[in-house]
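These notes concern the structure reproduced below.
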Amino acid sequence: MSKTRNAPHYVGLPLDQLGPILSDCIAQGQEVVLTITGNSMSPFLRNKKDQVVLIACDPTALQPGDVPLYRRRNGKLILHRIVERDDGVTRTRWGEEGALPSRCDSLQYTMLGDAQWQEEPHIAPDQIMGVAKAFISRGKRWECDSDAYRGNRLRWHRLLWLRPALVRLYHLPRHLRYGVPYRLRRLLGRSKKK
């Protein structure tokens, strides 16, 4: 006889398929908790281990440092940090004092993942679905408006010039653990034992 277990059953769906459900839940004022997928926000948010708590927001009121969930023009949903806000009059960059002259005629944001160094400009407010209220990482909840969280991420952002080397260094142990043995087996012509 088989034993029935009362463990929860999780079904993984691509975020793009969850888009309409997410929009409805956020629009109704519900907090939505999603597991992070992808490495663009590492080392702070780990792929398939950490979670984000999303809430509704006014997409025109977001500021540099906020982390919105937005839809790219190709339909893909992305969670990245705002590094620049250009409202058509002035530009403000995260971590910089004062305003800069505008480069556009309407409100636009520039996004950047914490593990990336190429900015993604021209994100309009109508592309934004919600904003991160908190992150759950390594068993601890980090509120996005806390001084500790914002200070930690701002220090990381100021290392943008060094980020390519730091991200590679962060991923090196995993690469050595999994990448090298696989390549050696492949080089030697051996397949993994079943």
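Coordinate-derived values only; no laboratory data. Keep in mind that what you see is a predicted model, and the values were worked out from it rather than measured. Cβ: placed from backbone, ideal geometry, glycine included. Neighbour counts: every protein chain shown.
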Seminar exercise, completed: For HIS80, HIS171, HIS122, HIS157, ascending order of other Cβ atoms within 10 Å (fewest first) is HIS122, HIS171, HIS157, HIS80
Exercise. By a straight-distance test (C-alpha under 18 Å), which aspartates and glutamates pair with LYS133 as possible cross-link partners, with residues fewer than eight away in the same chain excluded?
Worked result: ASP24, GLU31, ASP50, ASP58, ASP66, ASP114, GLU143, ASP145, ASP147
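Which whole-number percentage describes the relative contact order of region 15-158, with Cα contacts under 8 Å and a sequence gap of 6 or more? Let's see the in-between values first.
Working: 296 pairs, mean separation 34.3, N = 144.
Rounded, it is 24 percent for region 15-158.
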For this session: At 4 °C and 1.567 mPa s, grab the translational diffusion coefficient of region 113-153 from Stokes-Einstein with a Kirkwood Rh over Cα pairs, rounded to a whole number in µm² per second.
Result: 103
Problem set entry | Net +/- balance of residues flanking ARG155 in space, Cβ distance below 15 Å, scoring K and R +1, D and E -1 | +2
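If we count other beta carbons within 10 Å of each Cβ, what is the order of THR60, THR92, fewest first? Before the final figure, lay out each step's value.
Working: THR60 12, THR92 17.
Lowest to highest Cβ neighbour count: THR60, THR92.
I need the peptides 24-34, 107-117 ranked by packing, meaning the mean over residues of other C-beta atoms within 10 angstrom, with the highest value on top.
Working: 24-34: 13.5, 107-117: 20.2.
Taking the mean over residues of other Cβ atoms within 10 Å, the ranking is 107-117, 24-34.
To make sure I understand, if each residue's beta carbon is the centre and we count other beta carbons within 10 Å, what order do PHE44, PHE135 fall in, fewest to most? Spell out each step's value before the answer.
On the way: PHE44 17, PHE135 21.
Least to most surrounded, the residues fall as PHE44, PHE135.
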